[in-house]
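Below is one structure, written out as structure tokens; the observations come after it.
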Amino acid sequence: MSSQSPIKTVIVSGSSSNPSRTLLLARRILEAVASHVDIERHVVDIAEVGSDLGRALSRKELSEPAERALRLVESAQLLIAATPVYRGSYSGHFKHLFDLLDQDALVDVPVILAATGGGDRHCLVIEHSLRPLFAFLQAFVVPVGVYASPTDFRDGVLHSELVLSRVNAAARQAARLVRPRPVALDAAPVRLARV
């Protein structure tokens, strides 16, 4: 552990269920990160703020709890973005949260991607849906994504050795990338042209 200030680490869990395998997976990743670097822990749970997010068509329409959730994500030094698979992609409320963020808020922020689904056939959601979203937001996505299906859990605990090895690999990769966020960026983020 370093003598620097703890790294502000934020989970965004895209599941509207409670309890949630998605949140269990994200918390397991958080614990793995904590074994490598001193962290300050925060959770933005769609099960708690999703209905507020869903009522807002723009940022100015957000309730105070939903606005606080967005500010928390925007201030993250490390993000763990986890979603259940809904109809082949991320959940709608999960995407809506990121649609409402300031477009430049996650530039250069390390992100661990995770997803849960009904079976192994959904495992590529990380590569086909999540990774392009965070590439657009110019975040530093760690190479290893973490996917888990119901058979990877037993009695509310992640038990799959294969998934746990990916959790640990992603945590190691993220720990190498974290650093305090600068007060002002040295250079403006790249603006992507609309096609």
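Here's how it looks for residue 153: its modeled amide H is under 5 Å from those of 159, which are all 5 or more places away or on a different chain.
Fewest-first ordering of 42, 93 by other beta carbons within 10 Å of each residue's beta carbon gives 42, 93. What relative contact order, as a whole-number percentage, does region 1-154 give when Cα pairs under 8 Å and 6 or more residues apart are counted? Reported as a whole number, the value is 24 percent.
Across region 85-92, coupling constants 3J(HN,Hα) worked out from phi with the 6.51/-1.76/1.60 Karplus curve, θ = phi - 60°, read 8, 10, 6, x, 8, 6, 6, x Hz, and Gly and Pro carry x.
Among 7, 39, 80, a tally of other beta-carbon atoms within 10 Å of each Cβ gives an order, fewest to most, of 39, 7, 80.
The separation of region 112-159 from region 19-89, counted between C-alpha centres, amounts to 14 Å. In this structure the amide hydrogen of residue 148, modeled in the peptide plane, comes within under 5 Å of the amide hydrogens of 115, 116, 117, none closer than 5 places in sequence on its chain.
Among 174, 113, 135, whose Cα lies farthest out toward the positive end of the dipole of the chain, if unit charges sit on the beta carbon of Lys, Arg (+1) and Asp, Glu (-1)? Checked the options; the winner is 135. With θ taken as phi - 60° and the Karplus curve 6.51 cos²θ - 1.76 cosθ + 1.60 applied, the whole-hertz 3J(HN,Hα) list for region 96-113 is 4, 4, 6, 5, 8, 5, 4, 4, 9, 5, 9, 4, 6, 7, x, 9, 9, 9 Hz, x standing for glycine and proline. Residues 44, 144, ranked from the fewest to the most other C-beta atoms within 10 Å, line up as 144, 44. Take every DSSP beta bridge whose two residues both sit in region 7-177; close to 10 percent of them are antiparallel. Amide H contacts under 5 Å for residue 40: 7, 8, 9, restricted to partners 5 or more places along the chain or on a different chain, H placed in the peptide plane at 1.01 Å from N. Each Lys and Arg Cβ is given +1 and each Asp and Glu Cβ -1; about its Cα centre, the chain then shows a dipole of about 280 debye.
Here the 3J(HN,Hα) profile of region 12-29, calculated from phi with Karplus coefficients 6.51, -1.76 and 1.60 at θ = phi - 60°, is 10, 9, x, 8, 8, 8, 8, x, 9, 5, 4, 5, 4, 5, 4, 5, 5, 5 Hz, Gly and Pro shown as x. Using just its DSSP H runs of length 4 or more, each adding -39500 (n - 2.57), the chain gives a mean residue ellipticity at 222 nm of -10000 deg cm²/dmol after division by all residues.
In a DSSP loop and with at most 11 other Cβ atoms within 10 Å, the trypsin sites (Lys or Arg not before Pro) in region 85-179 are 87.
Throughout, read-outs are computed from the coordinates displayed, never taken from laboratory work. Because the structure is a prediction, the values reported are computed rather than measured. Methodologically, a virtual Cβ is constructed for each residue, glycine included, from the backbone with ideal geometry; neighbour enumeration extends over all protein chains shown.
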